[in-house]
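Taking it in order: structure first as structure tokens, then the write-up.
The values are calculated or read from the model by the stated rules, or taken from the named source; none is laboratory data. These numbers were taken from a predicted model, which means no experiment stands behind them. In this analysis, Cβ positions are derived from the backbone assuming ideal geometry, glycine residues included, and neighbour counts consider all displayed protein chains.
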Amino acid sequence: HAEAASGTPASAEDRSAGSDLLLEAPGFVSELGGEGELGLGGPVPPPVPPALPNAAVSVLEEPQNRTSAYSLEHADLGAGYYRKYFYGKEHQNFFGLDEVLGPVAVSLRREEKESSGGGTLHSYRIIVRTTQLRTLRGTISEDALPPGPPRGLSPRKLLEHVAPRLSPTCLRLGSASPKVPRTLLTLDEQVLSFQRKVGVLYCRAGQASEEDMYNNREAGPAFMQFLTLLGDVVRLKGFESYRAQLDTKTDSTGTHSLYTTYQDHEIMFHVSTMLPYTPNNQQQLLRKRHIGNDIVTIVFQEPGSKPFSPTTIRSHFQH
């Protein structure tokens, strides 16, 4: 694939070289597979991403449902912590303005459960949100804290041990209005996105231009076989899952599309040959309206197609 380079156009031969299927283009980096990252000691293999990437410091009590070795990047796996362990349950929310950390929002909840010996175990769930540090989420056993009254430690004492850099004196108990937990829920989950849309263009033998690809009315056997690797063909009318701006009522954007799920994410593919074809319209705007607004676009090159150049795609949105 080719991806737009940041800064000055790529000029190194090993980063812009083309191939039989891909032409080098100014301002783009060509990645043909197998390249190593350039370092002081020469090319080194690219680093393996962590199995569970996290955008915050979180203690996750249960393993994630991951059946694949491939992980999605920039996934805040703790973003649903408030919904699962606080929202709709008795807890306290505190807000304040720390002199060093800036605006602060803290959520606290004391839980109890029966131990294997028949006794009662207490623990504290805590979320500390600041604008200067990563969000802290986790659980701490009451046994790991200094002894306190039977009703548990005060929020101030708890925060002194869990978040010593935070000044508890700046915090005030939040309102009991239901708007408060709803706002915190929105704040924590604003980074979550479980829906993706991806464009798919079909390049027939002898073709290379964007107009050629958009004007292919039907898919060839090789392209159809490729689509089976991506997802399942679904009937759009009445489709109730993620539709990616496709019409699911009147078939104005075609009768069928390609859909799949991956690691709790929904993916809808805007396949060029499944979108409506407009005769005597070289630009095929009904198709480009969807694919041209997809950040990721897959170009399937049929055997015999000309080398592809990313400069043929005229869009400020596609990468």
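For the range 171-182, state whether one or more residues are without any contact (Cβ under 8 Å) to a residue 40 or more places away in the chain, in contact with a Gly (Cβ under 9 Å, 6 or more places away or on another chain) and in the same structural domain as TYR87 (by TED's automatic domain parsing). For the range 171-182, residues without any contact (Cβ under 8 Å) to a residue 40 or more places away in the chain, in contact with a Gly (Cβ under 9 Å, 6 or more places away or on another chain) and in the same structural domain as TYR87 (by TED's automatic domain parsing): absent. The lone criterion from (1) in contact with a Lys or Arg (Cβ under 8 Å, 6 or more places away or on another chain); (2) over 23 Å from LEU192 (Cα atoms) left unmet by PHE223 is number (1). Looking only at residues in the range 148-164 that are over 25 Å from GLU99 (Cβ atoms) and of a type outside the set (Lys, Arg), the one that is surrounded by the fewest Cβ atoms within 10 Å (Cβ to Cβ) is PRO150. All of (1) modelled with pLDDT under 90; (2) not in a helix (DSSP H, G or I) hold for GLY88 with one exception: (1).
Here no helices (runs of 4 or more DSSP H) wholly within the range 178-252 include at least 3 residues being surrounded by 18 or more Cβ atoms within 10 Å (Cβ to Cβ) and under 23 Å from the mean Cα position of the chain (by Cα).
Residues checked against (1) surrounded by 15 or more Cβ atoms within 10 Å (Cβ to Cβ); (2) modelled with pLDDT of 90 or more; (3) not in a loop (DSSP other than H, G, I, E, B):
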{"residue": "GLY118", "(1), (2), (3)": "no, no, no"}
{"residue": "TYR124", "(1), (2), (3)": "yes, yes, yes"}
{"residue": "PRO146", "(1), (2), (3)": "no, no, no"}
{"residue": "LEU166", "(1), (2), (3)": "yes, yes, no"}
{"residue": "ALA176", "(1), (2), (3)": "no, yes, no"}
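Of the residues making up the range 277-305, those that are part of a loop (DSSP other than H, G, I, E, B) and farther than 18 Å from SER315 by Cβ are TYR277, THR278, PRO279, ASN280, GLU302, PRO303, GLY304, SER305.
Scanning the range 126-144 for residues that are part of a strand (DSSP E or B) and in contact with a Ser or Thr (Cβ under 9 Å, 6 or more places away or on another chain) turns up ILE126, ILE127, VAL128, ARG129, LEU136, ARG137, GLY138, THR139, ILE140, SER141. Looking only at residues of the range 126-140 that are surrounded by fewer than 17 Cβ atoms within 10 Å (Cβ to Cβ) and touching an Asp or Glu at 6+ places or on another chain (Cβ under 9 Å), we find that the one that is modelled with the lowest pLDDT is GLN132. Name the residues in the range 247-289 that are within 15 Å of GLU210 (Cα to Cα) and either touching a Ser or Thr at 6+ places or on another chain (Cβ under 7 Å) or without any contact (Cβ under 8 Å) to a residue 24 or more places away in the chain (or both), would you? Matches in the range 247-289: VAL271, ASN281, GLN284, LEU285, LEU286, ARG287, ARG289. For the range 261-281, the set of residues classified as closer than 26 Å to PRO221 by Cβ and either exposed (fewer than 13 other Cβ atoms within 10 Å of the Cβ) or acidic (Asp, Glu) (or both) consists of TYR262, PRO279, listed by residue number.
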